[in-house]
Amino acid sequence: MIRHRPFGSGHPYALTEDQRVPAAPLAGEVVELRVRASAKVSAIECEWHEEGAPAISLALTRAGDTQPAGTQPGNTQPGNTQPSDAQAHSDQPDGEKPDGGQADGGHLAAAQARAARAAAGSWCVTTPALEAGRRYRYRFRARLADGGSRTSRWFEVTAAVWSEGGGKLHGERIVPGSVRWLSDGDGVRRVRFELELDRGEHVVGFGERFDAVDQRGRALDAVVFEQYKAQGEHGRTYLPMPFALVVGGRGWGFHVVTSRRTWYEIGDTIRVEAEVGPEAELTVRTYDGAPARVLDAFLDDAGRPVELPAWVFRLWASGNEWNTQERVMAEMDRHREHDIPVGALVIEAWSDESTFTAFRGAVYEPAEEPHRYADYTFPADGPWPDPKGMVDELHERGVKVLLWQIPLQKTRPHPRHQAAVDARQLTERGYGVKEAGGRPYRNRGWWFPLALMPDLSSPEVRDWWTAKRRYLVEEVGVDGFKTDGGEHAWGHDLRYADGRSGAEGNGLFPVHYARAFGDLLRAAGKAPVTFSRAGFTGSQPHGAFWAGDEDSTWPAFRNSIRAGITASACGIVYWGWDLAGFSGEVPGAELYLRAAGTSCFMPIMQYHSEFNHHRTPSRDRTPWNVAERTGDDRVLPVFRRFAHLRERLVPYLVEEARKAVGGGAPLMRGLFFDHPDDPAIWRFPLQYKLGDALLVAPVTEPDISEISVYLPEGAWVDVWTGTRLDGGQEVTLPAPLDRPPVLCSAERWPELSAVFSV
């Protein structure tokens, strides 16, 4: 009838229509109290009690009747608890136009738009200003149109104050006098402090970042979030970490040792703000040395990457509309027909979209225990008549197979058949993530809304969840899993089996998720090849990663390169992106081939396309479809050349990845790793090294025939012409579509020249 959640849904960047704004107010601030109510409610009043003062009654107004008041400024900047009302409402979800019309963007954009339209029936009122040291209680009474009434439970709020004391901060390089603690009537909430930063030092890291390589002069936060496209423009990421390298000058790095949310402003100092737990204690670990040494020390704390098999360095193929065995094999036949070698196939649309354990169309009886392959019958006229036979044939062709996963148990539509069994087991056994009151948590996000979420912090739950998928590895023979969607844990009020609250456990959920599937693969004697987009500190040992959902645009291309450089700087070895983007209209031939040429020199080379309701013309990102759609006869031969070059690069990539896993510099790395004291490299932030020998200069603008490239210290060889060039200078190189600017260190050229001579 009426609903008020003081902290809303837990969305880290937006307000909800039933929350307190700000959720954690400062002394002197007024508060807007919001309530969601059904259409039967005709009036609502708030009974407001200030400690030591008589109660007052505050009448709520329906949203739209008056201009909302009482909101406080805020965004991702340190010191703010919520984004401002204006920001929250002016920032339409990607995929929805301001007028409510549906923008181009596929089924994910449509789902997000539906979620945005669901916020209706909101009421609000503004309180008097809150004073420090006082406790306030409030509740709501709703009058119904039929004459009845409803009363909510009591809520409490106190005002917070920044002060010099309150907790313990451990660490070095902390600016004297900069430490402040935020406390309210229930304890310490946050700490704020500054780290020293010299002139000329650059700050790189914070996980995977799409907006910039060097974060100096910028503000950001570290919270796991599913930003559907335009991550760079929004300053958000699936894969944050409270770790950064400080490059140039003294050379050092720092790790804010927490899984809670943190904020940063990088200016004359590094200003840090962090949530703290009941213990009111925080450690900042610092490391001295060159970037590789700092990263190596950080990985001692975070966990070290694990070497993956050579096949991950071959071309990966994927399309969300490949939803039948016939379609999958047809696309693989086209690869063979066009002589485009492929090493890995990701099948996203394979399952019944209910359990994510059974192939769509399979006939079987629901069961309490995990199924084996023999329990399923696959109709000859069904979408997947012979999954094992298909995988066997793909293996004979040298193609490995990964299946898509999601860490949720759907509840809409109401679960039936095996999904009903799984949902019942999850709730009856207490296997789900819970809310503070003990109720099962239901997904508060826009994708798979209200789904249950298994508590993968528990080894028992990890084993239960993955046992239902064990037959896929042991009997069907799949080689890995695309562990998508690890960003669904919202809210400080969540509770995990390992004892953590949502505030400290939500960021670790994607780490547990990838770990669970890696352990499943290991148990079956396979390499732990998972392919995730979400993560946090501790994700480094768990498989490969990709940059998530992105449009097919030049800005998205540039953002994705930044993401690869920054993720690698934090210890992610196996990283890639959906080359040329996966969403929207098919990319033009130039963008597609520039992206393919760059991806050929990245750790993971993959193409992928978003579901588009099987409309024609197709939006697949296969080279033959792009060739057909663009009418450009260069696409197929140039892409073929890159695919074959990639095959020849595999031994080099294996060797260089082994060095990175063993404690060396990252496989893909910004020039600052090898040349931290060269100020010129910062004018070329998208250039990077691939291993010790190769220097890559991506072409990220249209209509380019030549490009300025910076050559750091040393001797270099243009891999296409064999021309030797001296380092320490900026040169202009030709940049034809089929020859992306790449240089090799002269020392390694004799062993690598054959890779480029074909």
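The values are calculated or read from the model by the stated rules, or taken from the named source; none is laboratory data. For clarity, every value in this text was computed on a predicted model and none was experimentally measured. In this analysis, Cβ positions are derived from the backbone assuming ideal geometry, glycine residues included, and neighbour counts consider all displayed protein chains. Side chains included, ligands, DNA and RNA excluded: accessible areas come from the protein's heavy atoms. Shrake-Rupley method; radii C 1.70, N 1.55, O 1.52, S 1.80 Å.
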At a 1.4 Å probe radius, carbon and sulfur cover how many percent of the accessible area of the chain? 48 percent
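When only the heavy atoms of the protein chains count and the probe is 1.4 Å, how do Asp633, Asp333, Asp288 rank by accessible area, highest first?
Largest accessible area first, the list is Asp633, Asp288, Asp333.
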Might you report the magnitude of the Cβ-based charge dipole of region 253-307 about its Cα centre, with Lys and Arg at +1 and Asp and Glu at -1, to the nearest 20 debye? 80 debye
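How much length is gained if the chain between Arg334 and Glu396 is pulled fully straight, taking 0.36 nm per residue apart and subtracting their Cα-Cα distance, in nm to one decimal? Write down the numbers at each step before the final one.
Numbers: separation 62, 0.36 × 62 = 22.32 nm, distance 1.62 nm.
Working it through step by step, the gained length comes to 20.7 nm.
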Rounded to the nearest 500, what is the 222 nm mean residue ellipticity of the chain from helices alone, with -39500 (n - 2.57) per DSSP H run of 4+ residues and division by all residues? -6500 deg cm²/dmol
Yeah, the chain with a ≥ b ≥ c from its alpha-carbon gyration tensor (a/c under 1.5 is rounded, else prolate when a/b outruns b/c, oblate otherwise) is oblate
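For the chain, return all DSSP H helices satisfying: extent of Cα atoms along own axis at least 24 Å; mean Kyte-Doolittle hydropathy at least -0.5.
635-661
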Can you give me the distance in nm between label points at Arg648 and Asp463, each placed 7 Å from the Cα along the Cα-to-Cβ direction? 5.0 nm
Cα centroid of region 119-151 to Cα centroid of region 704-729, whole Å: 67 Å
In nm, give the distance between the simple-model label positions of Asp198 and Ala132, each being 7 Å from the Cα along the Cα-to-Cβ direction. 3.8 nm
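Quick check: from the Cα gyration tensor, does region 281-363 come out rounded (a/c under 1.5), prolate or oblate? Don't jump to the answer; show the numbers that get you there.
Values: a/c = 4.54, a/b = 1.96, b/c = 2.31.
Oblate.
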Once each part is reduced to its C-alpha centroid, what is the distance from region 397-423 to region 489-552 in angstrom? 17 Å
Placing +1 on each Lys and Arg Cβ and -1 on each Asp and Glu Cβ in the chain, then taking the dipole about the Cα centre, the residue among Val223, Gly432, Pro242 whose Cα reaches farthest towards the positive end is Gly432
List His414, His4, ordered by accessible area with a 1.4 Å probe, largest first: His414, His4
Sorted by chain and then number, the residues having a modelled amide H within less than 5 Å of the amide H of Gly535, at least 5 places away or on another chain, are Leu239
Take Glu51 and Trp162, extend 7 Å from each Cα along the Cα→Cβ direction, and tell me the distance between the two endpoints in nm. 2.3 nm
Straight-line reach from Lys434: which lysines have a Cα under 19 Å away, not including same-chain ones fewer than 8 places off? Lys410
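If you roll a 1.4 Å probe over the heavy atoms of the protein chains, what accessible area per residue do you get for the chain, in Å²?
On the way: 27580 Å² over 758 residues.
That works out to 36 Å² for each residue.
Grab the Cα-Cα distance for Arg327 and Glu368, subtract it from 0.36 nm times how many residues apart they are, and report the gain in nm with one decimal.
On the way: separation 41, 0.36 × 41 = 14.76 nm, distance 3.26 nm.
Length gained, Arg327 through Glu368: 11.5 nm.
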